[in-house]
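*Asks:* Pasting in a structure now, in structure tokens, and then I'll have a few things to ask.
Every read-out reported here was derived from the displayed coordinates using simple, explicitly stated rules and does not represent laboratory data. Predicted model only: the values in this text are computed from it and were never measured.
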Amino acid sequence: MKRIAQWVALWLAIISVLVFMTILSTLITFPVYAHMDDLPQIAVMSLGRLYQNYLQLMAYLNLPWVGTLHMNDFPTSVHGAIHFADVRQLFLFDIGVAVVTVPFAVRWLHQLRIARKRYLLVRPFMIGAVVPVVLTAILAVNFDQFFITFHEVLFRNSDWLFDPATDPIINVLPEGFFMLCFLTAFALFEAVMIWGIWRGRQDAKVA
């Protein structure tokens, strides 16, 4: 039972931390993507002003003490506000999961390192390494369907279907940007799996 709890904590820690890292990475990737995709021209404002609005959105979604969504240049409809509130709950829940599980996961990994038993990670991480590959293939074949299914799984309503006339922020959050976010998350997850397999095989040579 203890071992099951350790594995659950480890997987939850990995997933929650990588989701947070992916979200955090958009603070860098969004302005780069916006410049490459001419989003300032679409929004009819400078890149700096567009980025300021994005930071306001991200602050609302990720910081518990920012309780009201306000973007200087983008109005938000009732349905848009509901969707962003739902996203905020998911983001804060992810942070909460990370805060709770990371200490347990780190402690167990430390114990495995000291005992040179990280070879226990090899098989599960080899299986885990297949997941990003499969998801990337699905994403490449039909990203639209992947994106729709993703939202249908996470959200119980259709408020995520933004109307550009009432929620113009959607004009500067194109599917290409979300695809980049998914690929970033998959790459980070794959890197962690490879690290675990490498370390595990090192311990297996010593054992």
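*Asks:* Normalised radius of gyration for the stretch 130-186, please: alpha carbon Rg relative to 2.2 N^0.38 Å, two decimal places.
*Replies:* 1.23
*Asks:* Here's something else I'd like to know. Any idea what the alpha-carbon Rg over 2.2 N^0.38 Å comes to for the stretch 93-134?
*Replies:* Output field value: 1.42.
*Asks:* Mind running the shape call on the stretch 99-207? Use the C-alpha gyration tensor, a ≥ b ≥ c as the square roots of the eigenvalues: rounded below 1.5 for a/c, prolate if a/b tops b/c, oblate otherwise.
*Replies:* prolate
*Asks:* Right, here's the next one. Please work out whether the stretch 1-74 counts as rounded, prolate or oblate from its C-alpha gyration tensor, where a ≥ b ≥ c are the square roots of the eigenvalues and a/c under 1.5 means rounded, while otherwise a/b larger than b/c means prolate and anything else oblate?
*Replies:* Taking the square roots of the gyration eigenvalues as a ≥ b ≥ c, the stretch 1-74 is oblate.
*Asks:* Now, a different point. Find the all-direction average of the projected area of the Cα convex hull for the stretch 14-160, expressing the result in square nanometres with one decimal place.
*Replies:* So the mean shadow area of the Cα hull is 11.4 nm².
*Asks:* Let me ask something else. Quick check: the distance between the Cα centres of the stretch 1-71 and the stretch 131-207, to the nearest angstrom?
*Replies:* The stretch 1-71 and the stretch 131-207 have Cα centres separated by 13 Å.
*Asks:* For the stretch 72-152, just the Cα atoms, rotate onto the principal axes and tell me the three extents in Å, largest first.
*Replies:* Result for the stretch 72-152: principal-axis Cα extents of 56, 33, 22 Å.
*Asks:* Right, something else. Does anyone have the angle between helix 47-62 and the longest principal axis of the chain? Alpha-carbon axes, 0 to 90°, nearest 10?
*Replies:* Here the helix axis deviates by roughly 60 degrees.
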